[in-house]
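Worksheet for the structure shown next.
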Ligand code: PMP
């Protein structure tokens with residue numbers, strides 16, 4: 001129908017027959033990624049940046065090649081890519097490494113009501129410590145950012161605009177280049193939580209216009225335990241290391257230390273080495289399909305699901321109702337039914353969806369719900385997964401006497 005390749009054979013876990021619609025939480029892994037990590041661990045593994053022996057050199061080369069692969073994927077420079085434990089660590093590094101250094105009483109941090117807790121709680125913590133205040137861009141009825149309200153809230157006291165690249169609960173994709181342009185005119189730094197964006201849509205960091213960007217490998221077919229903090233070099237230069245220890249120093253005396261060059265000063269301790277190799281393989285896999293194709297596939301499935309779900313009695317869809325500037329995440333509730341019960345019944349139909357607040361409790365309050373059931377799509381999903389979901393939802397509706 002869309003000409004998108006059937007990739008299911010690459011994902012061993014799908015042999016279980018599961019209709020996996022929880023990639024927004026974490027994606028499944030193709031054999032190409034599993035084999036790359038296995039091969040590396042069997043043939044080239046050692047700690048990096050330490051030994052003069054051949055294995056350590058091979059491991060260091062592989063680790064730095066992964067950094068270059070990420071840089072190329074993002075249209076960034078090699079030294080602007082910092083490996084972290086994941087998007088959460090990346091965002092905390094920015095908040096504590098940059099925010100604690102640069103925010104003063106009276107400064108303002110502007111974020112949004114639809115942020116994942118990872119791009120909200122660190123800013124709350126840093127606001128409390130620095131005396132800066134926190135404000136939030138509201139959303140419109142259909143779950144988009146209210147850009148008029150953003151402009152009203154933006155003034156020269158705003159030092160940071162921290163915004164999601166794509167909402168993990170609603171699928172909304174805000175116009176980050178436009179937001180970044182306005183924020184920069186006001187003199188603010190722009191932080192983008194791209195945990196849901198980078199896995200699903202081509203991102204060129206120069207076009208996006210952000211100063212900092214954060215994402216995780218495990219949502220983009222790669223392993224857990226590694227993520228990326230990208231920063232424009234001038235922004236990274238303003239940032240203090242968030243963690244101290246081995247690998248991140250130039251020199252250490254008993255009372256003092258100086259920092260290694262960027263990016264190493266932000267990578268204290270032994271980094272996720274095998275995971276970097278896995279992330280490299282995941283990016284190769286994504287690129288072999290093409291990010292444009294992947295986004296088109298997500299959008300196709302989203303369009304089909306929005307249409308079929310709207311026919312199911314009692315189902316409410318939260319967030320944008322069309323596919324414009326929207327990714328493959330759909331939050332639903334069913335009248336008179338708990339989201340967790342929905343997820344349990346769907347599980348009985350072999351459909352894996354997430355139920356809960358999706359680490360976006362303030363957003364749930366805005367929507368007036370305690371929880372939603374969330375479908376999220378990725379490269380291995382097909383219309384059959386949507387059919388199975390709709391069948392399960394109709395069954396749930398009958399059980400709960402809806403409609
Ligand atoms: N931001 C968003 C939008 C997310 O969806 C997630 C993961 N649910 C995170 C941040 C945090 O990512 P991680 O748990 O991999 O650190």
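The values are calculated or read from the model by the stated rules, or taken from the named source; none is laboratory data. Note that the structure is predicted; figures quoted are calculated from it, not measured. Cβ coordinates were reconstructed from backbone atoms using ideal geometry, including for glycine residues, and neighbour counts include every protein chain displayed.
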Practice task
Would you point out the residue of region 32-44, among those that are in contact with a helix residue (DSSP H, G or I) (Cβ under 6 Å, 6 or more places away or on another chain) and more than 25 Å from residue 197 (Cβ to Cβ), that is farthest from the ligand (Cβ to nearest atom)?
Solution key: 44
Problem - Residue check for residue 356: within 14 Å of the ligand (Cβ to nearest atom), under 30 Å from residue 289 (Cα atoms) and assigned by TED's automatic domain parsing to the domain that holds residue 393 - result: no
Handout entry: Test: residue 138 is within 16 Å of the ligand (Cβ to nearest atom) and surrounded by fewer than 24 Cβ atoms within 10 Å (Cβ to Cβ)
Key = no
Practice task
Identify the single condition in (1) in contact (Cβ under 8 Å) with a residue 40 or more places away in the chain; (2) part of a strand (DSSP E or B) that residue 302 does not satisfy, given that it satisfies every other one.
Solution key: (2)
Problem - Yes/no for residue 314 being in contact with a strand residue (DSSP E or B) (Cβ under 8 Å, 6 or more places away or on another chain) and either at positive phi or outside the structural domain of residue 103 (by TED's automatic domain parsing) (or both) - result: yes
Handout entry: Which numbered condition residue 96 fails, given (1) more than 16 Å from the ligand (Cβ to nearest atom); (2) in contact with a helix residue (DSSP H, G or I) (Cβ under 8 Å, 6 or more places away or on another chain); (3) assigned to a helix (DSSP H, G or I)
Key = (1)
Practice task
With a cut-off of at least 3 residues that are over 20 Å from the mean Cα position of the chain (by Cα) and at negative phi, name the strands (runs of 3 or more DSSP E) lying wholly within region 327-403.
Solution key: 329-334
Problem - Those residues of region 249-263 which are loosely packed, with under 11 Cβ neighbours inside 10 Å and either farther than 17 Å from residue 50 by Cβ or not assigned by TED's automatic domain parsing to the domain that holds residue 81 (or both), in sequence order - result: 253, 254, 255, 256, 258
Practice task
Among residues belonging to region 22-69 that are without any contact (Cβ under 8 Å) to a residue 60 or more places away in the chain and part of a loop (DSSP other than H, G, I, E, B), point out the one that is surrounded by the fewest Cβ atoms within 10 Å (Cβ to Cβ).
Solution key: 52
Handout entry: The one condition in (1) more than 12 Å from the ligand (Cβ to nearest atom); (2) under 20 Å from the mean Cα position of the chain (by Cα); (3) in contact (Cβ under 8 Å) with a residue 12 or more places away in the chain that residue 72 fails to fulfil
Key = (3)
Problem - Filter result (within 11 Å of the ligand (Cβ to nearest atom) and surrounded by fewer than 21 Cβ atoms within 10 Å (Cβ to Cβ)) within region 107-120 - result: 117
